[in-house]
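Enquirer: Quick one: structure below, then a few questions.
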């Protein structure tokens with residue numbers, strides 16, 4: 001099985017074209033020139049019609065072994081083995097970063113240039129020994145990622161968002177915008193989505209918070225997950241969406257499809273950027289409006305970041321209960337301010353109080369997520385939206401996280417607790433979980 005098949009299921013391998021041939025640079029070493037000759041030989045052979053319907057990896061191994069037997073007598077066994085792996089990764093995967101994509105412990109890959117490849121493991125960033133040949137080599141890998149999606153990257157379109165077949169999110173930016181040369185960032189997602197038990201095991205929340213969120217989703221409360229970049233919002237959204245009953249019709253709306261829901265009745269919608277002529281763009285807002293005509297029981301927006309916020313709030317206020325979404329903010333209060341700003345981006349001259357009334361009526365809970373100093377992700381607050389008093393939206397914390405101390409392992413000692421305040425939505429929650437009041441202090445029963 002080829003690496004690309006392992007990463008992306010049954011996706012067809014990209015067609016091998018003439019321009020995939022590589023020219024050696026004036027500074028190429030002897031072994032690099034040998035690898036370039038091997039690569040170009042394989043490209044020429046695999047283009048032949050007789051090979052088009054065959055499994056590509058055994059053919060690469062066969063031709064590579066024959067080539068190295070004749071041309072690589074001066075190489076050691078380890079050098080030959082490494083060269084074979086390199087050409088397989090180049091032709092069937094994504095070049096030097098293919099092993100990183102196959103490594104489940106790596107959560108982010110950052111290519112800052114040919115000699116600067118960084119990864120994130122367990123929340124910590126470290127530099128790798130992986131190298132590209134040159135800037136052109138990095139660019140060729142970027143093109144290999146974006147081409148099957150109908151995207152392009154060149155001087156006229158120097159930045160692009162894309163995704164790999166396994167759902168991993170890719171951002172690439174090239175000169176003249178990137179001064180250090182082609183730069184690529186890949187955020188990987190687990191091939192098997194996290195479950196609530198995974199979040200419990202990782203210490204992202206405790207049992208009481210998990211049961212509370214489960215009851216909240218089943219009770220069709222509108223929930224927003226708030227947090228900074230890399231705080232784990234999408235993973236948490238995936239987990240709590242698993243609590244949606246199997247008999248409900250769920251519509252997901254995203255810029256780049258990342259969510260992997262376990263329900264059977266799911267319709268996934270993905271925005272489309274404009275083409276090279278600047279035409280054909282389909283925005284998140286367009287998809288939200290269309291989703292309202294598709295008889296959804298639930299609407300899930302991967303990330304709210306613009307004018308679609310107004311349509312989302314209106315949907316929540318007009319019968320589409322149980323909607324979920326995420327947004328960038330450092331606290332629940334900051335999220336409310338950002339939602340106000342994003343509603344104004346819709347272009348309507350609405351009074352601030354009217355916007356706040358919409359927000360207060362639409363949202364029930366805000367789940368605040370944060371990335372901690374030790375690299376772990378934790379739910380730091382579960383906050384209830386009570387309503388509008390005067391011109392202020394009133395919030396109250398239901399669960400909070402307190403940093404206690406750093407353990408000898410370098411991990412934080414988690415401390416989650418209920419504030420003891422009985423939520424206003426307790427009656428709704430009780431229908432989903434009759435024992436829900438047991439999560440709070442005795443004096444509130």
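Enquirer: Name every residue in the range 154-174 that is out of contact with any helix residue (DSSP H, G or I) (no Cβ under 6 Å at 6 or more places or on another chain) and in a loop (DSSP other than H, G, I, E, B), in order of residue number.
Expert: 154, 155, 156, 157, 158, 164, 167, 168, 174
Enquirer: Scanning for something buried (at least 23 other Cβ atoms within 10 Å of the Cβ), over 15 Å from the mean Cα position of the chain (by Cα) and farther than 20 Å from residue 368 by Cα, does the range 202-211 turn up at least one residue?
Expert: Within the range 202-211, none of the residues are buried (at least 23 other Cβ atoms within 10 Å of the Cβ), over 15 Å from the mean Cα position of the chain (by Cα) and farther than 20 Å from residue 368 by Cα.
Enquirer: Would you confirm whether or not the range 100-113 contains a residue that is assigned to a loop (DSSP other than H, G, I, E, B) and either in contact with a strand residue (DSSP E or B) (Cβ under 9 Å, 6 or more places away or on another chain) or modelled with pLDDT of 90 or more (or both)?
Expert: Checked against the condition, which is being assigned to a loop (DSSP other than H, G, I, E, B) and either in contact with a strand residue (DSSP E or B) (Cβ under 9 Å, 6 or more places away or on another chain) or modelled with pLDDT of 90 or more (or both), the range 100-113 yields at least one hit.
Enquirer: Separate question: Could you grab me the full set of residues in the range 175-206 that are in a loop (DSSP other than H, G, I, E, B) and within 18 Å of residue 97 (Cα to Cα)?
Expert: Within the range 175-206, 181, 182, 188, 189, 190, 191 qualify.
Enquirer: Another question, then. Only one of (1) loosely packed, with under 15 Cβ neighbours inside 10 Å; (2) within 29 Å of the chain's Cα centre (by Cα); (3) part of a loop (DSSP other than H, G, I, E, B) is not met by residue 375, so which one is it?
Expert: (1) is the only condition that residue 375 fails.
Enquirer: Something else about it: Would you point out the residue of the range 309-347, among those that are closer than 23 Å to residue 255 by Cβ and assigned to a loop (DSSP other than H, G, I, E, B), that is farthest from the chain's Cα centre (by Cα)?
Expert: The selected residue is 347.
Enquirer: Only one residue in 281, 303, 270 is in contact with a strand residue (DSSP E or B) (Cβ under 7 Å, 6 or more places away or on another chain), outside the structural domain of residue 157 (by TED's automatic domain parsing) and surrounded by 19 or more Cβ atoms within 10 Å (Cβ to Cβ), so which one is that?
Expert: 303
Enquirer: Which condition does residue 321 not pass, out of (1) in contact (Cβ under 8 Å) with a residue 60 or more places away in the chain; (2) in contact with a strand residue (DSSP E or B) (Cβ under 8 Å, 6 or more places away or on another chain); (3) over 21 Å from residue 391 (Cβ atoms), if it passes all the others?
Expert: Here residue 321 meets the rest and fails (2).
Enquirer: Between a residue in the range 140-153 that is within 14 Å of residue 256 (Cβ to Cβ) and any residue that is part of a helix (DSSP H, G or I), which pairs come within a Cβ distance under 9 Å, given they are 6 or more apart or on different chains?
Expert: The qualifying pairs are 151/145.
Enquirer: Does residue 419 qualify as being in the same structural domain as residue 200 (by TED's automatic domain parsing), out of contact with any helix residue (DSSP H, G or I) (no Cβ under 8 Å at 6 or more places or on another chain), under 21 Å from residue 227 (Cβ atoms) and modelled with pLDDT under 90?
Expert: So residue 419 fits the description; yes.
Enquirer: Also, quick follow-up: Looking at the range 350-380 only, could you name the residues that are closer than 16 Å to residue 210 by Cβ and either in contact with a helix residue (DSSP H, G or I) (Cβ under 6 Å, 6 or more places away or on another chain) or in contact (Cβ under 8 Å) with a residue 60 or more places away in the chain (or both)?
Expert: Hits for the range 350-380 are 365, 367, 368, 369, 377, 378, 379.
Enquirer: Suppose we filter the range 207-229 for residues that are assigned to a helix (DSSP H, G or I) and touching a residue at least 24 places away in the same chain (Cβ under 8 Å); how many remain?
Expert: Total satisfying the criteria: 10.
The values are calculated or read from the model by the stated rules, or taken from the named source; none is laboratory data. Because the structure is predicted, anything quoted here is derived from the model rather than measured. Positions of Cβ are generated from backbone atoms using ideal geometry, with glycine treated the same way; all protein chains shown enter the neighbour counts.
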